[in-house]
1. From (1) crowded, with 17+ Cβ neighbours inside 10 Å; (2) closer than 23 Å to S374 by Cβ; (3) β-branched (V, I, T), pick out the condition that doesn't hold for I26.
2. So A262 clears everything in (1) part of a strand (DSSP E or B); (2) buried (at least 20 other Cβ atoms within 10 Å of the Cβ); (3) hydrophobic (A, V, I, L, M, F, W, C) except one condition, right? Which one?
3. Considering only segment 307-330, how many residues are of a type in the set (A, V, I, L, M) and more than 15 Å from S75 (Cα to Cα)?
4. How many of the residues in segment 153-173 are surrounded by 22 or more Cβ atoms within 10 Å (Cβ to Cβ) and part of a loop (DSSP other than H, G, I, E, B)?
5. Pick out, from segment 30-117, the helices (runs of 4 or more DSSP H) lying fully within it that include 1 or more residues that are within 17 Å of A12 (Cα to Cα).
6. Give me the residue from segment 40-71 that is of a type in the set (V, I, T) and under 19 Å from I260 (Cβ atoms) and, out of that set, farthest from the chain's Cα centre (by Cα).
7. Does S343 satisfy the criteria of being over 24 Å from F292 (Cα atoms) and surrounded by 24 or more Cβ atoms within 10 Å (Cβ to Cβ)?
Amino acid sequence: MVEFSLTKRQLALRDKARKFAIEEIIPVAEVGDREPDPAKSFNWDIIRKADKLGLRTLSVPKEYGGGGADVMTLSMVGENLAYGDLGIAVAFDQTWKIMTMISHLTTARQRKKWLPLVIDDPTCLLAAAATEPLSGSDSILPYNKPDGGVRMTAKKRGDKWVLNGEKRYISNGGLANVIYVMARTDMRKAPLKSMTGFLLTSDTPGYSVTEIWDKLGQRNVANGTMVFDNVEIPQADVMGTPNGALGELGALLTRFGSNIQAGATVLGVAQRAYDVTLQYAKQRVQGGKPIFEHQIQSQRLARMHMLLESARFYLWYSGWTANSGTPDAAAASLCKVNAAENSVKVLMEAFELWAATGYMKKNPIEKLLRDGLSFVHSDGTNDVLLLKASRMLDTIKRGDPRYSRRVELAAKGR
């Protein structure tokens with residue numbers, strides 16, 4: 001039975017995150033958004049304050065000293081942090097994902113080394129370096145021929161691996177203390193048989209961040225270009241199975257709801273847009289009454305509410321399947337696409353209702369719209385995630401147990 005009742009702890013964390021967003025994030029988010037130099041926009045005080053509340057290490061299992069939050073909980077907290085600012089929420093979301101990877105894809109010896117680095121430093125953020133100048137969606141589908149995918153190389157030299165290449169647009173690039181990077185160990189083989197994951201710290205010789213990208217939105221998080229110039233990584237810091245990183249990572253991120261968590265953050269942006277727009281519609285008077293009382297605008301707000309709630313339901317359903325141990329892989333991709341598309345629709349409805357006032361930088365809608373538009377492609381482009389999900393649809397025909405009930409109902413015309 002699908003059960004969406006929230007626990008007392010989930011409710012407490014949700015409320016804590018919303019309170020933190022309103023009291024701590026919103027007052028400083030505009031300052032970072034207006035900072036012309038993207039390398040100077042990030043607010044480290046937010047990270048320190050969130051760490052004191054236990055939010056930074058929320059995804060680390062309790063036995064290792066973290067919060068032990070599940071997919072549903074992380075999604076709710078991420079949504080409510082994004083209510084304050086999407087960029088800041090993304091900084092946390094990326095950190096949670098790599099913390100999850102370290103907690104579940106490493107050996108006991110590796111966890112003993114890496115988890116204290118992550119947990120004990122109140123400003124430690126993490127990054128996953130996958131996207132490259134010539135490889136983005138290739139790693140998501142994945143495209144599995146030697147001529148595509150990641151071009152960064154990793155060559156064995158004694159008991160070390162030597163990495164060379166460039167990663168681009170990496171969230172938390174220039175901020176992260178700990179980096180997970182994927183590289184090819186044999187360019188003659190397809191990515192699924194030649195990708196290996198490595199862990200390194202930002203002070204590793206040969207590693208550098210050469211550019212912080214100037215962006216339309218999400219300006220409160222850094223997206224960097226990472227350069228690896230003969231970076232030496234010991235064999236002990238290979239994460240997961242050598243040459244099996246792409247498959248292992250995909251399975252892990254599905255199991256722990258990577259796209260679900262991402263979709264929840266953009267929903268937080270749209271939720272705030274709805275809230276401020278509803279308030280504005282009740283105050284703005286035209287035609288002798290608040291515009292909320294005009295049928296066309298009240299219907300617009302009802303449509304926005306519908307889009308938000310339907311997107312949230314799909315995210316929660318997908319989170320429920322992940323928590324239950326039988327993640328719906330198609331839904332995990334589709335719920336992010338749905339959340340992104342619905343959120344952009346909500347933001348555009350809000351932008352239209354505010355009219356010229358919403359176009360002005362002194363009001364919140366233009367920033368929220370700029371932030372939300374990033375999720376047309378963030379955490380996987382919508383087009384590619386739809387294509388990825390479409391390749392799973394024939395499992396319905398093959399009677400996959402997760403879909404058998406849907407097939408039965410469809411056969412009965414329900």
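1. Answer for I26: the failing condition is (1).
2. In the conditions (1) part of a strand (DSSP E or B); (2) buried (at least 20 other Cβ atoms within 10 Å of the Cβ); (3) hydrophobic (A, V, I, L, M, F, W, C), A262 misses (1) alone.
3. 3
4. 2
5. 44-52, 71-82
6. Looking at the filtered set, the residue picked out is V60.
7. So S343 does not fit the description; no.
So that you can scan it fast, the table gives a plain yes or no per residue for (1) more than 24 Å from the chain's Cα centre (by Cα); (2) under 24 Å from A251 (Cβ atoms); (3) not charged (D, E, K, R):
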{"residue": "K97", "(1), (2), (3)": "no, yes, no"}
{"residue": "I102", "(1), (2), (3)": "no, yes, yes"}
{"residue": "V118", "(1), (2), (3)": "no, yes, yes"}
{"residue": "K160", "(1), (2), (3)": "yes, no, no"}
{"residue": "G173", "(1), (2), (3)": "no, no, yes"}
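The values are calculated or read from the model by the stated rules, or taken from the named source; none is laboratory data. Keep in mind that this is a model prediction, so the values were computed, not measured. We place every Cβ from the backbone using ideal geometry, glycine too, and count neighbours over all the protein chains shown.
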